[in-house]
Amino acid sequence: MKPSIPKGTRDFSPAEMQRRNYIFETIKSVFLLHGFQQIETPAMENLSVLEGKYGEEGDKLLFRILNSGPVLEQIRNSKSEIRNADVTEKGLRYDLTVPFARYVVQHRNEITFPFKRFQIQQVWRADRPQKGRYREFYQCDADIIGSNSLLNEVELIQIVDKVFTQFKIPVTIKVNNRKILQGIAELYNLKEKFKDFIIVLDKIEKIGLEGVENELKEKGLTQINIRTVLIRQSIARGLKFTDGSDMALSDINNAFQKCESEVGMKGITEVVAIANTVYETTELKNSIEFDISLARGLDYYTGAIIEVKAKDVQIGSVCGGGRYDDLTGIFGLPNVSGVGISFGVDRIYDVMEELKLFDALQTEQSSTEILFVNFGEKEEIFCLKLVTELRSAGIAAELYPDRDKIKKQMSYANDRKIPFVALVGEEEMKSGKVKLKDMNSGEEKLVGKEQIAEMIGKK
RNA sequence: GUGGUUGUAGCUCAGCUGGUUAGAGCAUCAGAUUGUGGUUCUGAGGGUCGCGGGUUCGAACCCCGUCAUCCACCCCA
């Protein structure tokens, strides 16, 4: 049998893990710096928790877990009708936000609000794999729940900027607001079909405003309306703006005002407030861009939405998030608003590799600083004592476990990029010295055991 | 779910218009070097050519099917 792993999953070898850990640790340290607390939730959730939270497409991409045990046999043998719930009642988590909402409701009495939590775990999607798209991948989420303040949005933007600055990945932070999109939907008389509408609007960059309107018409989604004239001008002019210019925004705001779209105006106010606070308080290293076509597919967003795209790398977004006003409501805890962002570690990895950002990082070296060559029974005991001493002094040391040829043991040290090798044979044991070899220079020196730490630059 | 790409040694690939024992580099192992790696030299092992069927005197190569892979659409981290 040829061994293989499921479609869209990957093994991570030591070299990759070192790089991945660097990414995890960097993100984690920024989260901690901002006062977030870590939690974990189970890989699987009850389907009732997951279903209907991610839109129609999301439901299709849920990994469902087959019920185990006698149930399966029963189903196979039964001639009666099989209900969905008999076959599967659990699913792998699709993101970290929905399980978090479930967690908050379940633990509401233990939580002090506003609750700032972060979570670093895998999620699974039954998508077709392709570039930058996997069926199992990690998300690093930071959410603030139980606070309506827009300062939270500001903080998330700061975190995003900080993280990608540390990675040296140039990014564009795109922002928009679902309330603005709702406002536009109102002007187009599309209030009822909001979901369909934003999916079409999302394509504006590819097919243009006219393309969007044509597609809306084709789908019978729009009615000709004087208001549309007003809004289409504003949209066309305000597709994007960067770095604080709010010209285009005020344009759209005017349209909202004339048409009395309260949500729309609220959305504009929020975007402007967030932008102003960011610019007043923070020197961003990356550019922030208002993009009216930014929609995001997840159903639960209601306010600010954020998406981060790496410049010069085509890979979709590396980070995304937004505000959800009533995600906990479905689980029985209404009126709790939250905002969050999610970093896609696997895509960040791909981007860093493409931009050759790992080259500058020392990720190849083994953690072991010194290897003791194994010469035989007596030497083993002698060396093991030394190894133990070195370890208690905080030096990563190991003894080669088998009495293999020296050549093989040296190759082992070399392959693992262990910088020092200690050779202790009969002669050395007699003299109480250790022959220390620097693997980079090839130099060898006889030293006393108390000098080892010094020699390998640990003192 | 729709469209396309590619499947040859552990890895990366070559293999002419179908023609005899299917090759290379890297990796592995052994030796040159019985207390020394990374360099060099010598040698060795390793392949149902994704799988199944068909055409043919003859198929890695052509045809059909199937599976896998990667890429694009959709959607997304």
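The values are calculated or read from the model by the stated rules, or taken from the named source; none is laboratory data. Predicted, not measured: the structure shown is a model, and the values here were computed from it. Please note: Cβ atoms are built from the backbone with ideal geometry, for glycine as well, and neighbour counts cover all protein chains shown. Please note that ligands, DNA and RNA were not included when accessible areas were found on the heavy atoms of the full protein model with its side chains. Shrake-Rupley method; radii C 1.70, N 1.55, O 1.52, S 1.80 Å.
For the stretch A:370-455, the share of alpha carbon pairs falling in successive 10 Å distance bins from zero is 19, 57, 24, 0 percent. In the full protein assembly as shown, how much of A:Phe358 is accessible to a 1.4 Å probe, in Å² to the nearest 10? Surface open to solvent at A:Phe358 totals about 0 Å².
Mean residue ellipticity at 222 nm from the helices of chain A, using -39,500 (n - 2.57) per DSSP H segment of n ≥ 4 over the full residue count, to the nearest 500 deg cm²/dmol? Could you put the intermediate results ahead of the total?
Numbers: 18 runs with 193 residues, N = 459.
That calculation yields -12500 deg cm²/dmol at 222 nm.
Of all DSSP bridge pairs formed entirely within chain A, close to 80 percent run antiparallel.
Hydrodynamic radius of the stretch A:247-289 by the Kirkwood approach over all distinct alpha-carbon pairs: 11.3 Å.
Of A:Lys174/A:Lys356; A:Lys203/A:Lys266; A:Lys60/A:Lys116, which ones are farther than 29 Å apart at the Cα? The pairs that break the limit, which is 29 Å between Cα atoms, are A:Lys60/A:Lys116. Size check on chain A: the Cα extents along the three principal axes, sorted descending, read 98, 67, 45 Å.
Add +1 for every Lys or Arg and -1 for every Asp or Glu among the other residues with Cβ under 10 Å from the Cβ of A:Lys433, and state the total.
Details: positive: A:Lys430, A:Lys435, A:Lys445, A:Lys449; negative: A:Glu427, A:Glu428.
Taking every Cβ under 10 Å from that of A:Lys433, the sum is +2.
Taking all protein chains into account, the per residue accessible area for chain A stands at 52 Å² (1.4 Å probe). Add +1 for every Lys or Arg and -1 for every Asp or Glu among the other residues with Cβ under 11 Å from the Cβ of A:Leu66, and state the total. Summing Lys and Arg as +1 and Asp and Glu as -1 gives 0.
Counting only DSSP beta bridges with both residues in the stretch A:329-459, what percent are antiparallel, rounded to the nearest 5?
Working: 9 of 15 bridges.
The answer is about 60 percent antiparallel.
Provide the solvent-accessible area of A:Leu150, counting protein heavy atoms only and rolling a 1.4 Å probe, rounded to the nearest 10 Å². My reading of the accessible area for A:Leu150 is about 50 Å².
The rule of thumb for compact globular proteins, 2.2 N^0.38 Å, goes into the C-alpha radius of gyration of the stretch A:118-184 1.41 times. Give me the percent of accessible area attributable to carbon and sulfur for chain A, probe 1.4 angstrom. Using a 1.4 Å probe with all protein chains present, chain A comes out at 49 percent carbon and sulfur.
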